[in-house]
1. Ignoring ligands, DNA and RNA and using a 1.4 Å probe, state the total buried accessible area between A and B in Å², rounded to the nearest 100.
2. Where Rh denotes the Kirkwood radius from the mean inverse Cα pair distance, what is Rg over Rh for the protein assembly as shown?
3. For A:GLU147, go 7 angstrom from Cα along the Cα-to-Cβ vector, then report the distances to that same point in the other copies in nm, smallest first.
4. For the range B:138-196, what are Rg and Dmax over the alpha carbons, in angstrom?
5. Mind running the shape call on the range B:59-151? Use the C-alpha gyration tensor, a ≥ b ≥ c as the square roots of the eigenvalues: rounded below 1.5 for a/c, prolate if a/b tops b/c, oblate otherwise.
6. Roughly speaking, what is the stretch gain from A:SER124 to A:ALA144, that is 0.36 nm per residue apart minus the C-alpha to C-alpha distance, in nm to one decimal?
7. Please state the Cα pair-distance histogram of chain B with 5 angstrom bins from zero: what percent is in each bin?
8. Can you give me the P(r) profile for the range B:116-166? Cα pairs, bins 5 angstrom wide beginning at 0, each as a whole percent.
Number of protein chains: 2
Amino acid sequence: MSPRTQAARTEATTGQLLTAARELFGRDGYTATSIDAVAAAAGLTKGAAYHHFTTKGALFRAVFVGEQDRVAAELTRTTAEQTDPFAALRRGCRTFLELCLDPAFRQIALLDGPAVLGWQEVRSIQSERALRLLADGMLVAAAAAGEPDADVSARSHLAFGALCEAGMLLARADDPDTALLAVLTEAERLVDALARP
Amino acid sequence: MSPRTQAARTEATTGQLLTAARELFGRDGYTATSIDAVAAAAGLTKGAAYHHFTTKGALFRAVFVGEQDRVAAELTRTTAEQTDPFAALRRGCRTFLELCLDPAFRQIALLDGPAVLGWQEVRSIQSERALRLLADGMLVAAAAAGEPDADVSARSHLAFGALCEAGMLLARADDPDTALLAVLTEAERLVDALARP
DNA sequence: ACCTTTGCATACTCCGAGTATGTCCTGTCA
DNA sequence: TGACAGGACATACTCGGAGTATGCAAAGGT
């Protein structure tokens with residue numbers, strides 16, 4: 001069971017650490033989660049965690065980046081088949097909100113992320129992922145609407161902020177599906193309105 | 001100098017604690033600020049702080065509520081003279097973004113607030129303040145646009161999220177004024193588009 | 001077969017949140 | 001006006017968790 005090579009060992013342990021960390025950070029939040037608890041949940045000790053991650057914040061950052069990667073992957077996957085740029089934007093909204101149905105995702109990506117990593121850091125991580133996809137989509141939409149070189153930078157940021165808030169609105173809902181529908185229509189309206197100049 | 005009556009004493013000390021806390025929380029962030037540091041900055045000791053606030057989170061909550069009160073007061077003040085509902089909404093955007101020019105405000109209200117207090121708590125505090133004002137404004141605007149009983153609840157939340165993100169966009173700006181203008185036009189566009197059905 | 005490097009554990013230090021306790025001041029009632 | 005009850009604040013703790021130092025065993029090169 002235990003891997004022979006060093007590279008395989010590190011990959012296995014970091015993987016277990018990240019899985020456990022995502023679990024605990026997502027359930028209890030960043031500050032309420034100790035490194036000891038994460039290591040124990042991964043069947044390891046604190047020493048292993050600090051061997052692979054310089055600090056607690058670094059471990060969280062890795063988890064956060066993992067979530068952002070998932071978001072970007074899901075977005076590219078679900079919007080790939082959309083031909084109409086506005087339909088693609090709406091589909092992206094739906095995909096993002098569906099991810100936000102997971103409380104752990106909300107806790108990590110929307111609540112703790114900015115506070116722990118700082119705004120600049122979070123932005124720079126997202127700028128290469130979901131935010132880039134959103135900006136690209138809005139650029140295409142603006143071009144289709146007759147304004148080829150619109151400045152979509154600020155615009156996509158505002159839309160992203162609105163979507164994050166929309167995602168948090170799903171938290172208190174008794175029935176996720178109906179709540180998703182209600183919020184989704186408003187979100188689509190907003191993005192639609194923003195995308196056309 | 002030292003006040004005679006007990007009520008005056010508590011008010012003076014809590015006031016000093018709140019002032020110092022707003023200063024340090026706003027500059028260094030919540031986790032990087034210790035109760036000792038706040039008490040020392042207020043010319044007191046930890047004991048005084050814990051006498052008036054049950055926990056560090058409670059102290060932060062008081063600071064946070066104070067900021068939200070300021071926001072609501074500024075909003076009502078600046079939008080009072082606006083007769084056109086859409087103009088009032090635009091004026092509200094400007095007021096909020098001007099408040100966001102203060103890094104301490106951004107740190108407390110936008111970054112640490114949700115992570116420390118939790119989303120539900122932050123929302124319930126804002127629901128009686130800025131969020132209520134925004135929803136009211138959007139309701140009036142919707143009525144003026146011919147849809148008297150629109151459901152502005154989700155809509156105002158999304159707009160609020162967009163405005164918060166807009167406020168954070170002001171952080172990295174070299175020249176605050178021009179950045180404010182650039183973001184403001186986009187924000188006004190968004191709120192305008194959202195407010196009309 | 002050595003020797004170095006790397007993965008991980010154990011055993012610390014240190015700082016900060018929260019608690020216990022003591023002291024002084026204030027307001028009240030005799 | 002003088003004792004006493006309660007509130008304001010300080011000092012002296014405890015305790016948990018982040019980060020560090022050190023030790024040891026498994027890998028991998030020579």
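1. Buried area between the two chains comes out at roughly 2800 Å².
2. The Rg/Rh ratio comes out at 1.00.
3. 2.1
4. Both quantities, over Cα of the range B:138-196: 13.5, 43 Å.
5. On the way: a/c = 2.71, a/b = 1.70, b/c = 1.59.
Note, shape of the range B:59-151 comes out prolate.
6. 4.4 nm
7. Taking all Cα pairs of chain B, the binned fractions are 1, 7, 15, 17, 16, 14, 11, 8, 6, 3, 1, 0 percent.
8. Bin by bin from 0 Å, the calculated values are 5, 21, 25, 25, 13, 7, 3, 1, 0.
The values are calculated or read from the model by the stated rules, or taken from the named source; none is laboratory data. The model shown is predicted, which means the values in this text are computed figures rather than measured ones. Cβ: placed from backbone, ideal geometry, glycine included. Neighbour counts: every protein chain shown. SASA here: full protein model, heavy atoms, side chains in, ligands and nucleic acids out. Shrake-Rupley method; radii C 1.70, N 1.55, O 1.52, S 1.80 Å.
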